[in-house]
Each structure stands twice: as C-alpha cells, then as structure tokens.
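Below is one structure; the comments refer to it alone.
The values are calculated or read from the model by the stated rules, or taken from the named source; none is laboratory data. Quick caveat, the model's predicted, so the values are computed rather than measured. Glycine also receives a Cβ, built like all others from the backbone with ideal geometry; neighbour counts cover every protein chain displayed.
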Amino acid sequence: MVDMIERYNMAPEARVIDTRVRLGNIELKNPVIPASGTFGYGAEMAELYDLNLLGGIAVKGTTRNSRFGNDTPRIAEAPCGLVNSVGLQNPGIEQVAAVELPRLASLCQIPILANISGFSKEEYVACARRLDQSKEATILEVNISCPNVHGGGSVFGTDAKAAAEITAAIRAVTGKPIYMKLSPNVTDIVEIAKACEASGADGISMINTFSAMRIDICKRRPVLANVTGGLSGPAVFPIALRMVNQVFHGVKIPVIGMGGITTAEDVIEMIMAGATAVQIGAANLVNPFACRDVILALPEIMDKLQINDLEEIRGII
C-alpha cells in the first residue's frame with residue numbers, strides 16, 4: 001500500500017512536446033509561418049524579435065517587374081477582419097532575389113518561402129527561373145489566387161486546367177519545392193489542388209482571401225479605390241478550415257493552411273483539419289508579435305491537450 005501511495009504522489013514525468021513539422025524534406029522547428037504580404041521582407045520585423053523563433057517566413061510577393069500597386073485607399077475594416085487591395089506592390093524579382101532575400105537570410109537561419117505572382121505564364125516562369133538561382137529561397141510559393149489585381153494570378157487559380165499549366169511550366173524551370181497558393185473563390189478547390197499535384201506541385205498553400213467590398217454610405221461610393229479587395233481575418237477561419245480539410249483528403253502532398261488564424265488553438269484546429277504547417281496573415285497587421293505569441297503558447301496548449309507530437313493529430317478529422 002505504501003508503495004502504491006508513493007507512486008501516486010510522485011510528480012509525473014514532464015511531457016516531451018515536439019512542435020517540429022516537415023514540409024517534404026524540409027524541417028520546420030514549429031508550424032508557424034508569417035503569411036506573404038503581412039510581414040514585409042522580414043527585416044523590419046527583425047527589429048522587434050528574433051526571427052529564428054519562427055518556423056519559416058513567407059516573404060511579400062513579387063512579380064517580374066516592380067509594381068506600385070493599387071491606388072489608395074487600400075484597406076477597409078470589416079467585422080472580424082479586413083478587406084485589402086494592395087495590388088502586389090513590390091520592387092520586382094531582381095531586387096527581391098539580389099537584395100531582399102540575402103538580407104533576410106543574414107538575419108535568420110530558417111526556411112524562406114519566396115512568393116511569386118504574374119500576369120502571364122511567361123512572367124511566372126521568369127520569376128521561378130530567377131529564384132531557382134537563389135540559394136536563400138527554400139520554397140517557391142506560387143500565388144495563383146490574388147483577387148486584388150485585374151487580370152492577375154487569380155485568372156489561373158480559378159480554372160483547374162490553367163492552374164495545371166502554370167504548375168507544369170514552373171516545374172520545368174526549377175528544382176526547388178513548389179507550393180501553389182490557391183483561391184477560395186472557386187466552385188471546387190479540391191479539383192484545382194489535384195490538378196496542381198498532378199502537374200508537379202510539392203504542396204498546396206491555402207487559402208488566399210475572399211473577394212469582398214465595403215461601401216461608404218455617407219460618400220455613397222466604395223471604400224476601396226479598387227472597389228473590391230480580399231477579405232481576411234477571423235471571419236474566414238471556419239471556411240478556410242473546411243477547405244483545408246477537403247483538400248487534405250483529396251491530395252497526397254502537404255498543405256499549408258491559412259485564413260484567420262490568431263491563436264495557438266487555431267493552429268491545433270487547422271492541423272487537425274489536415275494542415276502540416278500554417279501561415280498567420282491579418283493578425284500580424286493588428287499585432288506585430290502575433291506569430292511570436294502563438295509560437296510561445298503552442299507547447300502549453302499541446303501539453304494541456306496531451307499532444308506530444310503534432311503529427312499525432314494531423315488530419316484526424
């Protein structure tokens with residue numbers, strides 16, 4: 001009896017919490033990645049905290065040539081989110097590859113997801129070919145889902161055949177992992193994900209923003225100069241979760257889930273739906289420490305839920 005009491009009163013062994021995940025052959029120390037367009041090129045955020053805390057970084061998207069972006073206003077508030085219409089403002093692929101990525105790599109030693117977009121297959125190929133030469137770019141994240149640019153990547157992301165064509169063209173010019181970033185503004189996102197997988201994609205990033213708008217009722221005109229933009233934030237999280245779950249069951253390649261994630265609990269939920277890693281976007285615009293805070297909270301939540309390893313729960317739904 002004494003032995004039984006002693007065993008009962010002994011402090012339990014500390015739970016070993018493993019937050020590591022793998023995107024193919026690439027290991028991330030945790031699943032949290034700042035989403036493209038919400039973290040700049042990383043250098044600005046390095047002034048706030050050590051970027052090595054992150055699982056990886058998805059840098060601001062680039063096109064072949066520099067772009068000023070859309071006219072202002074570009075941001076409109078919405079219940080539980082925001083509508084943005086930045087319009088792919090960026091300095092162009094050469095500046096990103098030659099200056100921004102090396103500068104980021106000098107500040108941290110984590111995987112870098114270089115995000116590219118374009119207005120034609122040739123432009124996507126040119127960007128991918130240039131980044132294939134970049135030792136700093138770990139993964140190419142191919143944005144075929146931007147709703148804020150007329151005639152831009154979303155044209156390719158809403159049609160399975162076009163998405164497959166872009167994927168195959170990029171696959172032909174790079175040996176780097178390719179993650180196709182998909183639009184939720186489609187009838188069947190699984191069909192498009194499967195087309196990308198069949199054409200050589202190594203993974204799927206999803207979802208991008210939902211096409212949306214706000215109206216200034218006093219001025220009687222749209223709030224955004226571009227009229228419409230992309231809705232992001234907590235409002236889209238349940239829909240993003242459903243779509244990630246559908247695509248997880250439809251493909252065999254990893255899925256990076258995003259869309260309204262703000263807490264460590266959201267991360268767990270997204271991984272249960274099938275995501276291997278996650279990206280946090282709009283939350284960074286509200287709180288620049290959002291990714292850091294989620295990462296620091298994740299082990300405690302895992303311990304509370306008796307999760308030793310995130311792989312235990314991935315895709316359990």
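Counting only residues that are under 17 Å from residue 187 (Cα atoms) and touching an Asp or Glu at 6+ places or on another chain (Cβ under 8 Å), the range 231-250 holds 1 of them. Filter the range 194-216 down to the residues that are under 17 Å from the mean Cα position of the chain (by Cα) and of a type in the set (Ser, Thr, Tyr), then identify the one that is farthest from residue 250 (Cα to Cα). So the residue we want is 209.
In the range 33-44, how many are surrounded by 24 or more Cβ atoms within 10 Å (Cβ to Cβ) and of a type outside the set (S, T, N, Q)? Give the derivation first.
Our first condition is that a residue be surrounded by 24 or more Cβ atoms within 10 Å (Cβ to Cβ); within the range 33-44, this holds for 33-37, 39.
From what's left, of a type outside the set (S, T, N, Q): 33-35, 37, 39.
So the answer is 5.
Okay, residues lined up against (1) basic (Lys, Arg); (2) surrounded by fewer than 24 Cβ atoms within 10 Å (Cβ to Cβ); (3) in contact with a Pro (Cβ under 8 Å, 6 or more places away or on another chain):
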| site | (1), (2), (3) |
| --- | --- |
| 215 | no, yes, yes |
| 220 | yes, yes, no |
| 227 | no, yes, no |
| 234 | no, yes, no |
| 237 | no, yes, no |
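Checking the stated criteria, residue 51 turns out not to satisfy the condition of being more than 17 Å from residue 103 (Cα to Cα) and in contact (Cβ under 8 Å) with a residue 40 or more places away in the chain.
Screening the candidates 192, 207, 256, 271 for the property of being more than 22 Å from residue 82 (Cβ to Cβ), buried (at least 21 other Cβ atoms within 10 Å of the Cβ) and touching a residue at least 40 places away in the same chain (Cβ under 8 Å) yields one hit, 271. Take the residues in the range 97-115 that are touching a residue at least 40 places away in the same chain (Cβ under 8 Å) and among the small types (Gly, Ala, Ser); name whichever of them is surrounded by the fewest Cβ atoms within 10 Å (Cβ to Cβ). Result: 97.
Restricted to strands (runs of 3 or more DSSP E) entirely inside the range 42-116, those with at least 3 residues that are closer than 24 Å to residue 226 by Cα are 75-78, 81-84.
How many of the residues in the range 114-132 are among the β-branched types (Val, Ile, Thr) and touching a strand residue (DSSP E or B) at 6+ places or on another chain (Cβ under 8 Å)?
Going through the range 114-132, the residues among the β-branched types (Val, Ile, Thr) turn out to be 116, 125.
Now restrict to residues that are touching a strand residue (DSSP E or B) at 6+ places or on another chain (Cβ under 8 Å): 116.
Qualifying residue count for the region: 1.
Which residues, taken from the range 10-48, are of a type in the set (Asp, Glu) and touching a residue at least 60 places away in the same chain (Cβ under 8 Å)? Passing the criteria: only 18.
Let's see how each residue does on (1) closer than 23 Å to residue 186 by Cβ; (2) at pLDDT below 95; (3) surrounded by fewer than 22 Cβ atoms within 10 Å (Cβ to Cβ):
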site: 129; (1), (2), (3): no, no, yes
site: 132; (1), (2), (3): no, no, yes
site: 135; (1), (2), (3): no, no, yes
site: 138; (1), (2), (3): no, no, yes
site: 142; (1), (2), (3): yes, no, no
site: 145; (1), (2), (3): yes, yes, no
site: 151; (1), (2), (3): yes, yes, yes
site: 157; (1), (2), (3): yes, yes, no
site: 162; (1), (2), (3): yes, yes, yes
